[in-house]
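What follows is a set of notes on a single structure, which appears directly below.
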Amino acid sequence: MADTIKHIAEGIAAKTIIQREAAIAFILTDSRRLLYPAQSLYFALKTTQNDGHMYIKELVERGVFNFVVDQDFNTKAFENVNFIVVENVLNALQAIAKQHREKFTYPVIGITGSNGKTIVKEWLFEILNNQFTIARSPRSYNSQIGVPLSVWGMGTQHDLAIFEAGISQKGEMQKLAAIIQPTIAMITSIGTAHQDGFSSLEEKLAEKLQLAKTASILLGPYELLKNKTPNTGQAILTWGDTEKATLYIQSSNIEKNQTTLKAIYQNSAIELIAPFTDNISIENVCSCWLAALCLGLSQQKIKEGVSSLMHLDMRMQIKKGINNCYILNDSYSNDIIALQLGLEYAKQQAGLLPITLILSDFVQGQNAIIDYDALLQQLMGWPIKKLITIGPIFQKTIANNKLINSTGIKISSYNDTATFIRQVDTSSFKDEFIMLKGARVFELERVNALLQAHVHQTVVEVNLTALVNNYKKIKAKVGPSVQVMAIVKAFGYGSGSVEVARALQFHHVNYLAVAYADEGVELRKAGIHTPIMVMNVDEAAFDTLVQYHLEPEIFSFELLEQFTLFIQRQGIPNFPIHIKLNTGMNRLGFDRNEVAALAEKLKLNTVLKVQSIFSHLSASGQAAFENFTTEQLDKFTVASAQIEAAIGYTAIKHIANSDAILMDQKYHLDMVRLGIGMYGVNTGALNFENVVKLKTTIAQIRILEPDQTVGYNRAGLLDKKTIIATVRLGYADGYSRKLGKGKGSMWVGGQLAPIVGDICMDMTMIDITGIANVHVGDTVEVFGPHLAIGQVASWAETIPYEILTSIGQRVKRIYIED
């Protein structure tokens, strides 16, 4: 639904510079997500890491001519461009979204809670989709920026909207509630997620319930709302296992991977069969059940909708595909914003691989506002080598559009997914990055299964969103004037160096560091152009360093002389090097008594440029050695100043690792080195997010009697009747044998299951006695959000670094973007 630029500006009483007429259909807050230049209004947001005003010139060159900017921006530098000038760009974005929301009178559901918001939103969409034309939040767009973008998607073609609202501190929900203005407010749960901004769970609940301030109906679990006093004219409807609940869940019976729920609603007995057995899914189903009843859906329609629900992974996943391909599976939903997000992420992660886009038609409400011809033209501007469409609308559009045949992009179209699967030659997919983007009705998960490489069921999930969030927390901690070097050595601490490096490069990390030149070569071949420091260099790697523009750490006079001679022979001026000083680690580096001689040699060196000077703290995470750590910093400060005085210019100085970054600002200097903290292992004061999860599956379950044994050498002697589950993980996957014989455990069915007997090469046995509803094929968490890697390391008498870097290469890595 388009609006004029003049009307938008008038609605928020902003100063305007209007030089041409414009109809605005799309809001843009990220220059990388541009699809419709002429119809987009760009908001130049400022954050702690970035300033959107820096991208205005580039966007004008790409065809955008409508902008919201702050008062300090020089608008006179642009001709024939429209500007809305405001005091605060974020406030303007929220005000414009609020103004847009007020145009519509149909029901709006606002969902909040600590967990389950996105799942409930998507399941409600699946249940209600045949009865309503629904506008909804893309993915988990529930923030101060995400909510306005979501609400802008409301149009006259819709008759229901579902938006989620997430907060992390007091005062945020009031702003979101004013934008969403829900007629029905829902709360799913209250937990410890994002607890730092609240003194108690009660305070957090009160803040979240601000969403319902003007709603006529408030829905949620009875236990959360039993003490809530309704606002004037408001009805509170609840679900729960008490007769006081509006939807009284009398019983739940689990059988054959499904749960039968019997309930009382408005004095009538009703029943629902949910295709889930875990408690969290059942709670989310109950939330959807009550909401659907509230909207007047018949019990039969609710049954039909719930029966088709599936466990949804709301995150983009990158997996290994057939014929050396990679697959970005983003097939759980399809709308313009989600397509923009997916294309941006594909471009980020593909590196040098050509991109193949498999795209379905849009869903009912979206089709009314999508100009398929214009969309195809915009897609031609993305770095796509092959476009495959699925659905009758795209097929018809492509057949009638003669212009797209001249783009050089290979285009094919299919009426439906079944036809594609039947006709496609899978051998035609080779050495490419395949992005799947589609509406759920097209079942592109079948395409994912067709193209995905079938390997070991044990997988490492690497949450790149969490990794980037951890990086951003550090960037905010050190401030814009301090650079960040990310350590991606040792296969990215077991997480995959290329994928991690691509994500960090996309978010403008200043430097990457690897252990050996070969690791740097892998990054360069994958399209990484960020500066890379190589920490362990010898003469055999010199050619490689120059060929792939890698910057060596120089830690001895011998290495300095060798590399100087090599660069002289190449005739290369000012080749960057990094000088390593030893201030107490006593591993590598120039000693304090060598600094004067080093400074003199560097002063006379005409072919090398000292890019940085650094040292390594040996005990920064331990309070007992705080004085020693301070001494290291003092020694480094004196030595680096001596070198800079000799060479006559300033070099980047860095000494802080993850622990030191959190200790004190004095260690930040010009750059900090972020390693294990980036992966969420040491949470510290910044409450880093968990990045890496190792999980496997159960291969077999058996019941054993007392005095029987389990595993090699009869190491697992049982003293009682025991249920044993064998899982697909062993020491060949890097799982330490020290964890055997009950020393370690795994997480399954919501509980810890101790290991029985010795760890085998490919299998491990765990005791699941007393853990309900565990079946063959169930997922077992080896470490992750429920079982901290630090705990596993403690059981194995080692450190998290070793646990991460020991994960075998045969274990499949899946990369996730929330």
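The values are calculated or read from the model by the stated rules, or taken from the named source; none is laboratory data. Only a predicted model underlies this, so the values are computations on that prediction, with no experimental measurement involved. As a convention, Cβ positions derive from the backbone with ideal geometry for all residues, glycine included, and neighbour counts pool all protein chains shown. Heads up: the accessible areas ignore ligands, DNA and RNA and are worked out on the full protein's heavy atoms, side chains in. Shrake-Rupley method; radii C 1.70, N 1.55, O 1.52, S 1.80 Å.
Ordering of 434-441, 375-382 by packing is 434-441, 375-382, highest average first (other Cβ atoms within 10 Å, averaged per residue). Only beta bridges with both residues in the chain are counted; by DSSP, about 40 percent of them are antiparallel.
Would you mind checking which residues have amide H under 5 Å from G716's amide H? H placed 1.01 Å from N; only 5 or more apart, or other chain. Correct list: V710, G757, D758.
Each Lys or Arg adds one and each Asp or Glu takes one away; over the other residues whose Cβ falls under 12 Å from the Cβ of L211, this sums to +1.
Could you work out the mean projected area of the convex hull around the alpha carbons of the stretch 18-133, in square nanometres to one decimal?
Numbers: hull surface 39.0 nm².
Mean projected area for the stretch 18-133: 9.7 nm², to one decimal.
Keeping the other protein chains in place, figure out the carbon and sulfur percent of the accessible area of the chain, with a 1.4 Å probe. Walk me through the numbers before you get to the answer.
Details: 16660 of 34270 Å².
Percent of accessible area from carbon and sulfur atoms in the chain: 49.
Placing R0 at 25 angstrom, the Cβ-Cβ distance between I18 and T48 gives a FRET efficiency of 0.20 after rounding to 0.05.
Rounded to the nearest 20, the size of the Cβ-charge dipole of the chain about its Cα centre is 840 debye, with Lys and Arg at +1 and Asp and Glu at -1.
For the chain, report the accessible area per residue in Å² (1.4 Å probe, heavy atoms, rounded to an integer).
Details: 34270 Å² over 818 residues.
Per-residue accessible area for the chain comes out at 42 Å².
Ranking A38, A97, A77 by Cα position along the charge dipole of the stretch 38-129, where only Lys, Arg, Asp and Glu carry charges on their C-beta atoms, puts A97 farthest toward the positive end.
Multiply the residue gap between N400 and N74 by 0.36 nm, knock off their C-alpha separation, and tell me the result in nm, one decimal place.
Working: separation 326, 0.36 × 326 = 117.36 nm, distance 4.44 nm.
Result: 112.9 nm gained on full extension.
Suppose every Lys and Arg Cβ carries +1 and every Asp and Glu Cβ carries -1, with no other charges. What dipole size does the stretch 246-390 come out with about its Cα centre, to the nearest 20 debye? Show your work: numbers first, answer last.
On the way: 10 positive and 12 negative charges, 75 e Å.
Once rounded to the nearest 20, the dipole reads 360 debye.
Hydrophobic, long helices, defined as DSSP H runs whose alpha-carbon span along the helix axis is 24 Å or greater and whose mean Kyte-Doolittle value is at least -0.5, occur in the chain at 626-647.
Please find the FRET efficiency linking N227 to D278, where r is the Cβ-Cβ separation and R0 is fixed at 35 Å, and quote it to the nearest 0.05. Walk me through the intermediate numbers first.
Numbers: r = 28 Å, r/R0 = 0.79.
That pair, N227 with D278, gives E of 0.80.
The residue among P230, G220, L201 whose Cα reaches farthest toward the positive pole of the charge dipole of the stretch 150-230, with charges on the beta-carbon of Lys, Arg, Asp and Glu, is P230.
Among the listed pairs K117/K437; K121/K475; K262/K301; K472/K693; K489/K812; K204/K695, those whose Cα-Cα separation exceeds 27 Å are K121/K475; K204/K695.
What is the ratio of the Cα radius of gyration of the stretch 197-282 to 2.2 N^0.38 Å, where N is its residue count, to two decimals? Mind showing how you got there, number by number?
Values: Rg = 15.3 Å, N = 86, 2.2 N^0.38 = 12.0 Å.
Normalised by 2.2 N^0.38 Å, the Cα Rg of the stretch 197-282 equals 1.28.
Straight-line reach from K303: taking Cα to Cα under 13 Å and skipping same-chain neighbours fewer than 8 places apart, the aspartates and glutamates in range are E126, E271.
Once you reduce the stretch 581-617 and the stretch 34-102 to the center of their Cα atoms, the two points are 47 Å from each other. Placing unit charges on each Cβ (+1 for Lys and Arg, -1 for Asp and Glu) gives the stretch 693-818 a dipole about its Cα centre, and among Y712, S794, Y815 the Cα reaching farthest toward its positive end belongs to Y712.
Distance between the pseudo-spin-label points of D241 and Q423 (7 Å out from Cα toward the beta carbon): 5.3 nm.
Taking the centroid of alpha carbons for each part, the stretch 4-29 and the stretch 194-255 are 40 Å apart.
Which entries of K175/K226; K6/K57; K208/K473; K208/K319 show an alpha-carbon separation above 30 angstrom in the structure shown? Please list the in-between numbers first.
Details: K175/K226 26 Å; K6/K57 22 Å; K208/K473 24 Å; K208/K319 36 Å.
Checking Cα-Cα distances, K208/K319 exceed 30 Å.
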